[in-house]
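K.L.:
Submitted below is the structure of interest, expressed as structure tokens.
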Amino acid sequence: MLDTVITKPTVKPAARIIDPFGRTINYLRVSVTDRCDFRCVYCMSEDMTFLPKQDLLTLEELDRLCSAFIDKGVKRLRITGGEPLVRRDIMTLFKSLSRHLNTGSLEELTLTTNGSQLAKYAKELRNYGIKRINVSLDTLNAEKFRTLTRWGDLKKVLEGIEAAQNAGIKVKINAVALKDVNEDEFIPMIKWAHGHGMDITFIEVMPLGEIESARIDQYMPVSAVRSQIEQSMTLREIDYKTGGPARYVESEQTGGRIGFITPMTHNFCESCNRVRITCTGTLFMCLGQEDAADLRTPLRISHNNELLNQAIDAAILRKPKGHDFVIDRTINQPAVARHMSQTGG
Ligand code: SAM
Ligand code: SF4
């Protein structure tokens, strides 16, 4: 008589990337260009030198790289820059990545944008499965906006936001809190955002990259932003999380949500679930550290993903416990030499 061997069906374990501190890495931010149609004063110098085109990953390479991370368990993917929507043919990347939403292996595909090109692309983005986006906007004053961005047009951004909302995309506003620049606008901006059904998050300026003005002049701790807001509004702590580093409160007056991101004064590293890739295929395991891994070489020297996967695994093992940003009055140097537009915000 033959023994009956009952074999259990083999279920492939869900892929997961886990770093040495036990954090599951399921969030990837990818910068698709270092270029931008604005020159925000805290982000770029006026005469930025941009990368030569051959250094950039092609859209096909970006797709392959993102897909490798998705195969490894990344569930949320944010496209950023520079300004992602100024990269030529960028919609083909959104289109190809949307297949991972259709299969369910990716839970969310999103983007951070300055909004200048949104009116043009909002509908298409929605068609490719983008349900919510972050739009960076630091002022509602057209003149101030032009000064802050060096040549941006506020009207276009507002039209872009409207187009996104009309297309059914949820918009969140990100505002960098800048001392003596937009501190008088926190309340009007909150009322405007909430009046249009949008959350708004305030961010501290971070010491990334050489810029012309001294960063210490712009720095305003989010604790000061909050106290200022609390002079006119009652804020209630709420348990709302988006997977990002923002902590949210609710305004009793508007019923809307206000987020605070405090990279300088509060360490959110213990719950960090993300890594970042630059437009040249460099993987940064931490926004505030210099250590990085080159993924472009393994991507370009072979057509299968074996070397690429090895490089990703080796890099994740080096993800640090946290960062150590300091804006120091005595050392007039950025803590990290690269610009935010390089790593992607
Ligand atoms: N161009 C897009 C935008 O502005 O939304 C995406 C890239 S931008 C680098 C992403 C975010 O980084 C923006 O919200 C911007 O305000 C923020 N950012 C840039 N430089 C920064 C800095 N030094 N400190 C804090 N936030 C910064
Ligand atoms: Fe461009 Fe965004 Fe940097 Fe402003 S913050 S210069 S919009 S990349």
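The values are calculated or read from the model by the stated rules, or taken from the named source; none is laboratory data. Note that the structure is a prediction, hence the values are computed from the model and not measured. All Cβ positions, glycine included, derive from the backbone under ideal geometry; neighbour counts span all protein chains shown. Only protein heavy atoms, including side chains, enter the accessible area calculation; ligands, DNA and RNA are left aside. Shrake-Rupley method; radii C 1.70, N 1.55, O 1.52, S 1.80 Å.
K.L.:
Provide a single number: the residues in region 28-64 that are under 18 Å from the mean Cα position of the chain (by Cα), surrounded by fewer than 23 Cβ atoms within 10 Å (Cβ to Cβ) and away from ligand 1 (no atom under 15 Å from the Cβ).
P.N.:
Residues that pass the stated criteria total 1.
K.L.:
Taking I229, is it in contact with a Phe, Trp or Tyr (Cβ under 7 Å, 6 or more places away or on another chain) and without any contact (Cβ under 8 Å) to a residue 40 or more places away in the chain?
P.N.:
Numbers: in contact with a Phe, Trp or Tyr (Cβ under 7 Å, 6 or more places away or on another chain): yes; without any contact (Cβ under 8 Å) to a residue 40 or more places away in the chain: no.
Taking the combined requirement at face value, the residue does not satisfy it.
K.L.:
With free of Cβ contacts under 8 Å to residues at least 24 places away in the same chain, over 20 Å from C279 (Cα atoms), within 15 Å of ligand 1 (Cβ to nearest atom) and over 17 Å from the mean Cα position of the chain (by Cα) as the only criterion, which of L154, L148 stands out?
P.N.:
Just one listed residue meets the conditions, L154.
K.L.:
For region 133-234, which fully contained helices (runs of 4 or more DSSP H) count at least 1 residues that are within 16 Å of ligand 2 (Cβ to nearest atom) and modelled with pLDDT of 95 or more? Spell out the reasoning first.
P.N.:
Numbers: elements: 142-149, 154-166, 186-195, 222-230.
Output list reads 142-149, 154-166.
K.L.:
Look through region 122-133, keep the residues that are in contact with a strand residue (DSSP E or B) (Cβ under 9 Å, 6 or more places away or on another chain) and open to solvent by 10 Å² or more (accessible area, probe 1.4 Å), and return whichever of them is nearest to ligand 1 (Cβ to nearest atom).
P.N.:
Within region 122-133, the match that is nearest to ligand 1 (Cβ to nearest atom) is R132.
K.L.:
Here is a further query. Tell me yes or no: at least one residue of region 66-78 is under 27 Å from A142 (Cβ atoms) and in a loop (DSSP other than H, G, I, E, B).
P.N.:
no
K.L.:
Give the residue that is farthest from ligand 1 (Cβ to nearest atom), with candidates limited to residues of region 85-119 that are open to solvent by 70 Å² or more (accessible area, probe 1.4 Å) and without any contact (Cβ under 8 Å) to a residue 24 or more places away in the chain.
P.N.:
T103
K.L.:
Is one or more of the residues making up region 163-176 over 21 Å from G195 (Cα atoms) and without any contact (Cβ under 8 Å) to a residue 60 or more places away in the chain?
P.N.:
No; the residues of region 163-176 include none that is over 21 Å from G195 (Cα atoms) and without any contact (Cβ under 8 Å) to a residue 60 or more places away in the chain.
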